[in-house]
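The values are calculated or read from the model by the stated rules, or taken from the named source; none is laboratory data. In this text the structure is predicted, and so the values were computed from the model without any measurement. FYI the Cβ positions are ideal-geometry reconstructions off the backbone, even for glycines, and counts take in every protein chain you see. Calculation scope for accessible area: heavy atoms of the full protein, side chains included, ligands and nucleic acids excluded. Shrake-Rupley method; radii C 1.70, N 1.55, O 1.52, S 1.80 Å.
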Amino acid sequence: MWSGLGNAATVAQLVGVDAGGIISMIRLAARTAQQNKKDCEHLAGRVEHLAELVPCLPQDQESQRGLTRLHGTLLEAHDLIMSCQGRGLANQLWNASRQAERFRDIERKIDACLSSFILISHIGIIRRLDGDNSSQRQVHEDVEEFTRAEIMVATDNFYVVLSDDTGSNGFGGTATVYKGTLGNGQDVDVKRLNPEWRGAEDAFGTELAILSRLRHEHIVRLLGRCADGGERIVVTQHMANGSLYNQLHGHCGATSSSPVATSWKARVQALLGAARAVEHLHRRAVPLVIHGGVTSSNILLDDTWTPRLAGFGAAVRQEAGVESQAVAPVAAADTGCGYAHERSFANAYADPEHCSTGRIKPASDVYSLGVVMLEVLTGKLPVMDVWDEGSQTVVPNMTLASFALPSIRGGRLGNVLDRRPALQQQTSWQQQLGPPAPLQMVANTAAQCLLLHGDNRPPIADVVANLEQALQLLCGHGNL
């Protein structure tokens, strides 16, 4: 957020509003609040969302009026948080009712600003898209157009394969990802869609249309495309450490000594990054987006192990004011995934409500993320064959949710927890108090995400908050 304040301040100061400076003061004041600390931090978080939208505003009269309203709201928010600095019990009791009403009032004003800014930004995008070809180039100004010959040179004739969907079910693969190096020396990932896959054209168009407008530290960056002849190729920033799936399950060169294999902290960091990416899609992207294909294969890791969400081939723009949209459930083959896995895993991540109703909504992404949480906690594949002691038979193709949720909901997380990370510390807690609280928190969050009815699942903002708290607790557990 801090890196974005400069841009926010620059735009806002054009109309005399020092948004960046006030937001910085709000954030600092929230950190030192002695009363209503959670309310203050929540309010500061809402204000940060406004800061992310300010750079997207066009420089016109509508934006000026919105920024003027924003200035007053920011000042009120800062005054309220500053009033929570005192420690006195009498002062706290005296102001409790009045402060609660002020928090609600400012929340309503922030909601109004958010709605106004999103609408103004959306109108600005529509105006640009309705222009001529130069306007179209402006939307995709950072996306380079490659010829097939240039792609062949960059990939050394498609030599180094990073991931290959072999189409083991007999219907043919969807895409192969190659490592490439551009003329300027930059390493890239080159995803070449299978031209025989009937969904290739739609996935290619969807991924370009959505990914080209997204800018977030936990979303993979689109760099280029190739539509030369029959080729449909997407070029993105190189993810040196592959996918979370590969790191968890030891595929495609992943080693047992990687941070993801050995550290709970690294695993929860990967989950938190993915959750923040989904939160951006659901709450702050313009227009809002439902990913539709959240899997561990679509959570990629760069050379610093920073997670980035990829695979937008099945993404859907979320219509304003529409809770859910009619979209046929897709198999893994239709997700345009970043790093493919066995297609039989698709149902393990799929929202049951989406599958039964044919309507997708943000809660569908929350369900899929819940499955990824189980994958991280257990180290198990999303679908597996399980030995049943009662019947003395193998239960084939059991989903991870069916395998792990009974133990988690029964208070027996230790029975399904992965034994690889921080083995020495695990031996201690297994003998004494059970799994560490942060891991139990992640497990409980996953169980909530996997409730059958979407309306009962937590919003993605709550998932992010829980994972942030779990990570903070893990950081206090030393080598965990």
- Item | First in the range 428-452 and on the phi > 0 side of the Ramachandran plot, second anywhere and at pLDDT below 95, Cβ under 6 Å, 6 or more apart | Gly434/Gly414
- Could you check, for the range 196-211, whether at least one of its residues is open to solvent by less than 30 Å² (accessible area, probe 1.4 Å), over 25 Å from Pro329 (Cα atoms) and of a type in the set (Val, Ile, Thr)? no
- Query: Among the residues of the range 259-271, is any of a type in the set (Lys, Arg) and within 22 Å of Met384 (Cβ to Cβ)?
  - Reply: yes
- Selection within the range 236-275 - part of a helix (DSSP H, G or I), in contact (Cβ under 8 Å) with a residue 60 or more places away in the chain, in contact with a strand residue (DSSP E or B) (Cβ under 9 Å, 6 or more places away or on another chain) and under 27 Å from Val143 (Cα atoms): Leu244, Ala270, Ala274
- Restricted to the range 46-83, and to residues that are under 26 Å from Gln469 (Cα atoms) and open to solvent by 20 Å² or more (accessible area, probe 1.4 Å), which residue is modelled with the lowest pLDDT? Glu52
- Message: Taking the conditions exactly as written (under 24 Å from Ala470 (Cβ atoms), under 13 Å from the mean Cα position of the chain (by Cα) and open to solvent by 20 Å² or more (accessible area, probe 1.4 Å)), does Arg215 satisfy them or not?
- Response: no
- Message: With the requirement that a residue be open to solvent by less than 10 Å² (accessible area, probe 1.4 Å) and closer than 15 Å to Val372 by Cβ, what does the range 282-299 give you?
- Response: His291, Gly293, Val294, Ser296, Ser297, Asn298, Ile299
- Message: I want to confirm something. Restricting to the range 218-233 and keeping residues that are outside any loop (DSSP other than H, G, I, E, B) and under 20 Å from the mean Cα position of the chain (by Cα), which single residue is nearest to Ile290 (Cα to Cα)?
- Response: Ile219
- Could you please give the count of residues in the range 367-394 that are out of contact with any Leu (no Cβ under 9 Å at 6 or more places or on another chain) and either in a helix (DSSP H, G or I) or open to solvent by 50 Å² or more (accessible area, probe 1.4 Å) (or both)? 10
- Scan the range 432-480 for residues that are among the charged types (D, E, K, R) and either over 19 Å from the mean Cα position of the chain (by Cα) or modelled with pLDDT under 95 (or both) and jot them down. Asp455
- Please identify the pairs in which a residue from the range 357-376 that is in contact (Cβ under 8 Å) with a residue 12 or more places away in the chain has its Cβ atom under 6 Å from the Cβ atom of a residue that is basic (Lys, Arg) and open to solvent by less than 10 Å² (accessible area, probe 1.4 Å), counting only partners at least 6 apart or on another chain. Val376/Arg267
- Message: I need every pair where a residue in the range 312-333 that is surrounded by fewer than 20 Cβ atoms within 10 Å (Cβ to Cβ) and assigned to a loop (DSSP other than H, G, I, E, B) has its Cβ under 6 Å from the Cβ of a residue that is modelled with pLDDT under 85 and not charged (D, E, K, R), sequence separation at least 6 or different chains.
- Response: Ala331/Ala346
